[in-house]
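Colleague: First the structure, which I've put down as structure tokens, then a few questions once you've had a look.
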Amino acid sequence: MELMEKIWSKAKADKKRIVLAEGTEPRVIEAASKIMKEGLADIILLGDEAEIKKLAKEKNADIESAKIINPTLSKKFDEYASKFYELRKKKGMTPEKARETLKNVLYFGTMMVKFGDADGMVAGSINTTGDLLRPAFQIIKTAPGISVVSSTFIMIIPNKQYGKDGVMLFADCAVNPDPDSDELASIALSTAKTAKTLVGMEPNIAMLSFSTKGSASHELVDKVVEATKKAKELAPDLNIDGELQADAAIVEKVAALKAPGSTVAGHANVLVFPDLQAGNIGYKLVQRLGGAQAIGPVNQGLAKPVNDLSRGCSSDDIVNVVAITAVQAQNL
Ligand code: ACO
């Protein structure tokens with residue numbers, strides 16, 4: 001079974017409540033209809049009810065079973081505004097600013113997830129990554145034992161000899177511009193969890209650099225060496241190694257020459273990039289030049305799941321991100 005099919009069938013087995021904050025976006029409405037038809041999740045749409053229903057009619061999308069909530073008219077609005085004020089008052093939040101902020105569907109949706117009125121949120125079809133992530137960072141925060149929220153791309157590589165039958169995880173390709181060694185170790189741990197719980201893959205984690213096992217010395221290499229050490233200390237059972245160059249990580253012959261004795265080199269299925277420039281460029285090159293399918297970014301390390309869409313996404317993309325979010329919610 002293809003990976004996305006597996007994720008769909010997991011999502012269907014224990015339906016979760018997913019809030020789609022951009023409820024007045026036509027692609028979101030079409031996706032909501034498909035999600036409920038397939039039984040992937042129960043859907044909550046945020047926005048003006050009359051506008052959502054009008055758009056659904058125009059799109060011939062059946063959203064009868066979706067819950068529609070207009071944040072400012074919601075009976076939860078006052079409660080959320082005061083809870084948000086309490087959460088952020090040390091950061092200079094005032095009761096007035098809290099009420100104003102909660103009118104933003106991204107903040108309202110994130111509060112629903114935080115306080116158990118939804119199991120996960122998906123947005124980003126009309127908002128930027130930063131706009132989606134900021135409320136998640138401020139309200140939901142990181143999962144226990146994790147210092148930073150990060151993201152992973154599930155890469156489906158046409159050449160099945162790489163990763164696990166062509167499936168690999170690349171991290172972090174979308175969130176942390178310049179992680180320090182502690183943050184890099186945390187990214188490795190979160191990606192290991194994503195590999196196990198979302199993809200069903202035992203992770204072999206390569207901490208990537210331009211050096212393999214001391215072949216170059218530079219402070220950028222030191223960061224990766226330090227991060228590998230910290231990740232091993234935090235999770236002694238993980239199969240993780242570094243610092244490794246990309247070829248040593250994934251090609252057996254190169255691994256035998258450059259990193260003999262490594263339990264990861266030559267067959268890594270999780271690649272942890274040293275910073276966002278490398279990660280973002282790396283996944284896009286593999287996608288465009290290597291013909292890989294890139295599923296994501298899947299956010300990881302949050303205490304509850306919130307996932308981002310590309311602004312160019314189709315309604316089918318939204319359906320898949322909702323299925324992923326639902327499975328993440330099951331795995332909490
Ligand atoms: N994990 C957890 N919390 C975080 C993280 C993180 N990775 N980063 C910031 N925070 C927290 C901070 O601690 C702070 O919390 P506080 O207000 O309670 O003190 C809050 O979030 C805001 O922190 P800032 O440093 O002010 O973060 P800012 O809002 O400036 O930036 C952002 C966050 C937007 C996500 C930034 O890291 C960023 O721009 N990342 C790159 C996003 C991007 O452009 N990706 C590439 C495109 S995506 C693609 O190609 C698929």
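Colleague: Do we have Val270 as modelled with pLDDT of 95 or more, over 26 Å from Asp222 (Cβ atoms), more than 10 Å from the ligand (Cβ to nearest atom) and buried (at least 22 other Cβ atoms within 10 Å of the Cβ) here?
Modeller: Here the answer is no, as Val270 does not meet what is asked.
Colleague: Here is a follow-up. Among the numbered criteria (1) within 14 Å of the ligand (Cβ to nearest atom); (2) more than 17 Å from the chain's Cα centre (by Cα), which one does Gln161 miss?
Modeller: (1)
Colleague: Go over the candidates Thr94, Thr129, Thr110, Thr101 one by one and state the one that is of a type outside the set (Gly, Ala, Ser), modelled with pLDDT under 95 and in the same structural domain as Ala11 (by TED's automatic domain parsing).
Modeller: Going through Thr94, Thr129, Thr110, Thr101 in turn, just one is of a type outside the set (Gly, Ala, Ser), modelled with pLDDT under 95 and in the same structural domain as Ala11 (by TED's automatic domain parsing): Thr129.
Colleague: May I pose another question? For region 242-261, enumerate the residues that are in contact (Cβ under 8 Å) with a residue 24 or more places away in the chain and not in a strand (DSSP E or B).
Modeller: Gln245, Ala246, Ala248, Ala249, Ile250, Lys258, Ala259
Colleague: Which of the residues spanning region 99-116 are out of contact with any strand residue (DSSP E or B) (no Cβ under 9 Å at 6 or more places or on another chain) and within 14 Å of the ligand (Cβ to nearest atom)?
Modeller: Result: Thr101, Tyr107, Lys114.
Colleague: Assigned to a helix (DSSP H, G or I), touching a helix residue (DSSP H, G or I) at 6+ places or on another chain (Cβ under 9 Å) and within 14 Å of the ligand (Cβ to nearest atom): is that true of Tyr80 in this structure? Let's see the steps before the verdict.
Modeller: Numbers: assigned to a helix (DSSP H, G or I): yes; touching a helix residue (DSSP H, G or I) at 6+ places or on another chain (Cβ under 9 Å): yes; within 14 Å of the ligand (Cβ to nearest atom): no.
Considered against the rule, which asks whether it is assigned to a helix (DSSP H, G or I), touching a helix residue (DSSP H, G or I) at 6+ places or on another chain (Cβ under 9 Å) and within 14 Å of the ligand (Cβ to nearest atom), Tyr80 comes out as no.
Colleague: I'm trying to understand the selection: among the residues of region 60-91, which are basic (Lys, Arg) and either farther than 20 Å from Glu25 by Cα or more than 28 Å from the chain's Cα centre (by Cα) (or both)?
Modeller: Scanning region 60-91 gives Lys75, Lys76, Lys83, Arg88, Lys89, Lys90, Lys91.
The rows are residues; the columns are (1) near the ligand (Cβ under 8 Å from one of its atoms); (2) farther than 25 Å from Val322 by Cβ.
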{"site": "Ala118", "(1), (2)": "no, no"}
{"site": "Val122", "(1), (2)": "no, no"}
{"site": "Ile126", "(1), (2)": "no, no"}
{"site": "Ile146", "(1), (2)": "no, no"}
{"site": "Val167", "(1), (2)": "no, no"}
{"site": "Phe170", "(1), (2)": "no, no"}
{"site": "Val175", "(1), (2)": "yes, no"}
{"site": "Asp178", "(1), (2)": "no, yes"}
{"site": "Ser186", "(1), (2)": "no, yes"}
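Colleague: Can you run down the residue pairs with Cβ atoms below 6 Å, 6 or more apart or on separate chains, where the first is in region 281-293 and in contact (Cβ under 8 Å) with a residue 12 or more places away in the chain and the partner is loosely packed, with under 15 Cβ neighbours inside 10 Å?
Modeller: Gly291/Pro158
Colleague: Taking the condition of being modelled with pLDDT of 95 or more, assigned to a helix (DSSP H, G or I) and within 13 Å of the ligand (Cβ to nearest atom), how many residues in region 289-324 meet it?
Modeller: 1
The values are calculated or read from the model by the stated rules, or taken from the named source; none is laboratory data. Quick caveat: nothing in here was measured; it's all calculated off a predicted structure. Every residue, glycine among them, receives a Cβ derived from its backbone with ideal geometry; neighbour counts consider all protein chains shown.
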